[in-house]
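Participant: Pasting a structure here, questions to come.
The values are calculated or read from the model by the stated rules, or taken from the named source; none is laboratory data. Keep in mind that what you see is a predicted model, and the values were worked out from it rather than measured. Note: ideal-geometry Cβ built from the backbone for every residue, glycine included; neighbour counts use all protein chains shown.
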Amino acid sequence: MEGTTIGTLDKSKETAHKLNEHIRAKEVRLVGENIKEQGVYSREEALRIAEEQGLDLVEISPNAVPPVCKVIDYQKFLYQQKKKEKELKAKATKIVVKEIRFGPQTDDHDYNFKLKHAIGFLQEGAKVKAYVFFKGRSILFKQQGEVLLLRFANDLEEYAKVDSMPVLEGKRMIIVLSPKKKK
């Protein structure tokens, strides 16, 4: 039972690179650090060289004439490829969205306090999602909420650009700001 599972795994790897006996070309161009003379060899000779070193013959460039093969440890090669992909993924930028909540009757002190936090978030490179939450009958103050958010966007003009204007979604009026690119 285990043999069939391993065979299945080998087939999935085979789609990425052809290994050892699965290489069908009569002649191959042999490259690698552990090859004395790089050049064109018969498939059998290349397999013998790889076997002597206890390594795998891997077809790197199948479309070349003759196909380019490398004598390497295939498991180590796959591990290094996964490691490189993981590093690239880690370097990719992650977008962080910080939320700031206002009430429709927010006073100046609270407003300024939240404005300072928003400036800090934007300088760190995070997006800011500011919203006014309407509780109960405070939905009657929609205009006040919109004015508050537009004032907030205006005060952050030098740090951020507006992604979306104030929009009412249920009991929340939302505005999204993203940091300006540093020059």
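Participant: Among the listed residues 27, 51, 33, identify the single one that is of a type in the set (Asp, Glu) and either closer than 9 Å to residue 71 by Cβ or at pLDDT below 80 (or both).
Facilitator: Checking each option against the conditions leaves just 33.
This table checks each residue for (1) of a type in the set (Gly, Ala, Ser); (2) touching a Ser or Thr at 6+ places or on another chain (Cβ under 9 Å).
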residue	(1), (2)
84	no, no
92	yes, no
111	no, no
117	no, no
127	no, yes
149	no, no
160	yes, yes
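Participant: Take residue 125 and decide whether it is in the same structural domain as residue 169 (by TED's automatic domain parsing) and in contact (Cβ under 8 Å) with a residue 40 or more places away in the chain.
Facilitator: yes
Participant: Let me ask another. For the stretch 118-125, indicate whether the set of residues that are under 20 Å from residue 97 (Cβ atoms) and of a type in the set (S, T, N, Q) is non-empty.
Facilitator: Within the stretch 118-125, one or more residues are under 20 Å from residue 97 (Cβ atoms) and of a type in the set (S, T, N, Q).
Participant: Inside the stretch 146-160, can you point out the residues that are in a helix (DSSP H, G or I) and closer than 16 Å to residue 112 by Cα?
Facilitator: Correct list: 147, 148, 149, 150, 151, 152, 153, 154, 155.
Participant: Could I ask something else about it? Residue check: is residue 132 among the hydrophobic types (A, V, I, L, M, F, W, C) and in contact with a Pro (Cβ under 8 Å, 6 or more places away or on another chain)? Walk me through how you get there before you give the answer.
Facilitator: Details: among the hydrophobic types (A, V, I, L, M, F, W, C): yes; in contact with a Pro (Cβ under 8 Å, 6 or more places away or on another chain): yes.
Criteria met by residue 132.
Participant: Based on this model, can you work out whether residue 141 counts as free of Cβ contacts under 8 Å to residues at least 40 places away in the same chain, aromatic (Phe, Trp, Tyr), part of a helix (DSSP H, G or I) and assigned by TED's automatic domain parsing to the domain that holds residue 114?
Facilitator: So residue 141 fits the description; yes.
Participant: Which residue pairs have Cβ atoms under 8 Å apart, sit 6 or more places apart or on different chains, and have a first residue in the stretch 102-116 that is in the same structural domain as residue 133 (by TED's automatic domain parsing) and a second that is among the polar types (S, T, N, Q)?
Facilitator: Partner pairs satisfying both residue conditions: 103/138; 104/138; 104/144; 105/138; 105/144; 114/106.
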